[in-house]
Amino acid sequence: MDRSAAPTVVVLGSVNMDLVTTTARRPAPGETVLGSGFATVPGGKGANQAVAAARSGARVRFLGATGDDAFGTTLRATLSGAGVDISLLRTVDGSSGVATIVVDESGENSIIVVAGANGRVTELTADELAAIAAADILLCQLEIPLATVAAAARHARAAHTIVALNPSPVRPLPAALWADVDLAIVNALESEHYSSDLDRIPHVVRTLGGDGARYRSAEGTEFAVPGRTVEVVDTTGAGDAFTGALVATWPTGPHPALTWANAAGALATTRLGASSSIPDRTRIEHALRAD
Ligand code: RIB
């Protein structure tokens, strides 16, 4: 891959409408608390990462499905408005994916995802397989059926397309899928859950929340990038902002890519919502210039 050129990225994953409630503190089981605000914001780990990669300059194509409901129309418009190619994004009968999200005053969240149309991406079409084979990088998460993710990774590996996996949310994964992964991006919870699987992955990036991120290669290179000081409003989608930005800049090398992604993730915490908080190149460049 040309280190100076923006890569072509295919993101295969989920697209959800996020139903976001803000509250001083999240309720304990059985408890009712008063909220302070509500918003519907386009999200879904796949869509957020696609938007982040596009805003960081990659050419991005999104594979997945929305429902034929009003949410689906908005979700498609959001992706396309961010410059993501949605020509292969399917529309299926029924509801789009939704996520119920509660954000407390510290910016921490709890999320419940109902897959809806995302659960219907059970096999890949010839056009989708061709798009994966033609891409520089395939980026997947785990909010669509696992068998589809595994098939996409297998196909990408055979076509020499780099396979990047953000194994989120945590689910048991087949060893065959890990064998096709070149780059894994995990948070602390995922790092612990998948620790023995990660040992075999050529490139592993661990996000550390406010403490930055760490990289290690199978060849023994390791380094950390420090956390950035920001006013945290909402951490929702910060990991997606990081992941999309990382993949978009991956050809520049692990250290420049982590530095860029670390700034993108930090900036994403300063605004409410997932896709709505993802910074573009100008904001990221500005933040890095201020260092
Ligand atoms: O990572 C944040 C995302 O997780 C939200 O946008 C929500 O839709 C869930 O997919």
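Here, each number is a calculation from the coordinates, and none is a lab measurement. Not measured: the values here are computed from a predicted model. No Cβ is skipped: glycine too gets one built from the backbone with ideal geometry, and neighbour counts run over all protein chains shown.
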Query - Single unsatisfied condition, Ser110 versus (1) touching a Leu at 6+ places or on another chain (Cβ under 7 Å); (2) within 16 Å of the ligand (Cβ to nearest atom) - result: (1)
**Report entry** Condition check for Ala58: touching a helix residue (DSSP H, G or I) at 6+ places or on another chain (Cβ under 6 Å) and touching a residue at least 12 places away in the same chain (Cβ under 8 Å)
**Finding:** yes
Query - Every pair of residues 6+ apart whose Cβ atoms lie under 7 Å, when the first sits in segment 124-138 and is within 16 Å of Arg157 (Cβ to Cβ) while the second is of a type in the set (Lys, Arg) - result: Ala131/Arg61
Query raised in the report: Out of segment 23-56, which residues are of a type outside the set (D, E, K, R) and part of a loop (DSSP other than H, G, I, E, B)?
Result: Ala24, Pro27, Ala28, Pro29, Gly30, Thr32, Val33, Leu34, Gly44, Ser56
Requested in this report: Kindly indicate which of Thr74, Thr100 is under 30 Å from Phe38 (Cβ atoms), of a type outside the set (A, V, I, L, M) and part of a strand (DSSP E or B).
Outcome: Thr100
Query raised in the report: Any idea which of (1) more than 11 Å from the ligand (Cβ to nearest atom); (2) in contact (Cβ under 8 Å) with a residue 24 or more places away in the chain; (3) out of contact with any Ser or Thr (no Cβ under 8 Å at 6 or more places or on another chain) is the one Ala99 doesn't satisfy?
Result: (1)
Report summary line: The number of residues in segment 265-291 that are more than 17 Å from the chain's Cα centre (by Cα), assigned to a loop (DSSP other than H, G, I, E, B) and of a type in the set (A, V, I, L, M, F, W, C) is 1
Query raised in the report: Restricting to strands (runs of 3 or more DSSP E) lying wholly in segment 150-229: which have 2 or more residues that are surrounded by fewer than 18 Cβ atoms within 10 Å (Cβ to Cβ) and free of Cβ contacts under 8 Å to residues at least 40 places away in the same chain?
Result: 213-217, 222-225
Requested in this report: Scan segment 156-183 residue by residue and report those that are within 16 Å of the ligand (Cβ to nearest atom) and either touching a Gly at 6+ places or on another chain (Cβ under 8 Å) or of a type in the set (Val, Ile, Thr) (or both).
Outcome: Asn166, Ser168, Val170
Requested in this report: Scan segment 240-276 for residues that are within 21 Å of Val84 (Cα to Cα), surrounded by fewer than 24 Cβ atoms within 10 Å (Cβ to Cβ) and within 14 Å of the ligand (Cβ to nearest atom) and jot them down.
Outcome: Gly273, Ser276
Query raised in the report: Looking only at segment 131-143, which residues are within 16 Å of the ligand (Cβ to nearest atom) and out of contact with any strand residue (DSSP E or B) (no Cβ under 7 Å at 6 or more places or on another chain)?
Result: Gln141, Leu142
Query raised in the report: Just a yes or no: is a residue in segment 57-64 part of a helix (DSSP H, G or I), within 20 Å of Trp260 (Cα to Cα), more than 15 Å from the ligand (Cβ to nearest atom) and of a type outside the set (Ser, Thr, Tyr)?
Result: no
Report task. Just name the residue that is farthest from Leu139 (Cα to Cα) out of those in segment 13-56 that are among the polar types (S, T, N, Q) and within 9 Å of the ligand (Cβ to nearest atom). Result -> Asn16
